[in-house]
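Remarks on the structure that follows.
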Amino acid sequence: MGNQVEKLTHINYAEVPTSDPNGFDPDGDGTRIGVSYIFSNDDDDQEQDDNLDHFPPDSRPVSHEEKPFDPDDELECVVYYRDECVYERSSGAASVSPESLLAKCRPGDLLEFVATGQYPHWAVYVGDFQVVHLHRAEVKNNFLTDVSQGKKGRIVNGLYRHRALPPEVIVRNAMDHVGTRDRDLCWRNSECFAAWCRFGRREFKIGGEIRIGKQPYKLKLLFSEKKSHVLEFQCLEDVIMEKRRNDQIGKDAVMQELANHLNATHDLKEECHTSLFCPPPSPPLCFRGSS
């Protein structure tokens, strides 16, 4: 397989089966299990975000003031590998201006730039006001303020629960790959690259985990204290792709997708029940109970 991964087509909630016809747990005592989905490249670094995440050197930065980041529309989620929590995001995490972010950064920090309707863009701060990041199928070294494009940002060292490498190793991991592009890339998006630089774990790389049919990863979407939904995945790559897609469309849209899917599943089950257990349509008794 190498570094080549064929593009897959995303299938949304309405197009896949689920083991839970009713969706949310009404008592809030447990979660519901879904299935793995198939994804397109998310990718903030690819063609889907060309107009929003591209900064030619002679043009003015794109303004995102018309769609400021709304932390209330950010979906809380937790990722488990078997029974171990490996990632957790709470909604409403503070984000600041690029200038304010610069004052907080230390070499080796992971940064996330966010804007409504866009995939989050991740980068590794390497010092001297610069970051290394995967952008449009190439690992680049740019000034933080250029990469931000006016988006707000935040330090996200604590989202993944893995042990971080020493700062100098994180910076070296990032700098050693500057200029890597296209088929030589080992990461599907900016988050996978930045997280690999900090933690050095193979599961962030393309093909880093063997797909053997089992689904050891669970992505728990937290809509409220009593409403949650759990999806299962074969590898961390796929979890990240779905998590980032949810970040891009927002909490309300994810809830609507899921509601539409669950309603469609319920209607389908009702239709199957009718066709299997109702008498043939002969007027006017076709829906009477049997004697």
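For the set K227/K251; K151/K220; K140/K218; K152/K226; K205/K251, the pairs lying more than 22 angstrom apart at their alpha carbons are K151/K220; K140/K218; K152/K226; K205/K251. Projecting label points 7 angstrom from Cα along Cα→Cβ for E209 and Q256 puts them 3.1 nm apart. Peptides 255-264, 185-194 ordered by packing proxy, namely the average of other Cβ atoms within 10 Å per residue, highest first: 185-194, 255-264. Approximating the spin labels as points 7 Å out from Cα along Cα→Cβ, the D128-to-R181 distance works out to 2.2 nm. The phi-based Karplus calculation (6.51 cos²θ - 1.76 cosθ + 1.60; θ = phi - 60°) puts the 3J(HN,Hα) values of region 114-127 at 10, 7, 4, x, 10, 5, x, 10, 9, 8, 10, 7, 10, x Hz, whole numbers, x for Gly and Pro. Each part reduced to its alpha carbon centroid, region 248-265 and region 164-225 end up 27 Å apart. 3J(HN,Hα) couplings calculated from phi for region 102-111 with the Karplus curve 6.51 cos²θ - 1.76 cosθ + 1.60 (θ = phi - 60°) are, in sequence order, 4, 5, 9, 6, 10, x, x, 5, 8, 10 Hz; Gly and Pro show x. Under the simplified labelling scheme, the S90-A264 pair shows an inter-label distance of 3.6 nm, with each label point 7 Å from Cα along Cα→Cβ.
In percent, rounded to a whole number, the relative contact order of region 71-262 is 25, using alpha-carbon pairs under 8 Å and six or more apart. Peptides 239-248, 215-224, ordered by how many other C-beta atoms sit within 10 Å of their residues on average, highest first, read 239-248, 215-224.
The slack in the chain from K226 to F143, taken as 0.36 nm per residue of separation less the alpha-carbon distance, amounts to 25.6 nm.
FYI, it's all coordinate maths here, none of it is from the lab. Just so it is clear, the structure is predicted and the values come from calculations on it, not from any experiment. Cβ coordinates were reconstructed from backbone atoms using ideal geometry, including for glycine residues, and neighbour counts include every protein chain displayed.
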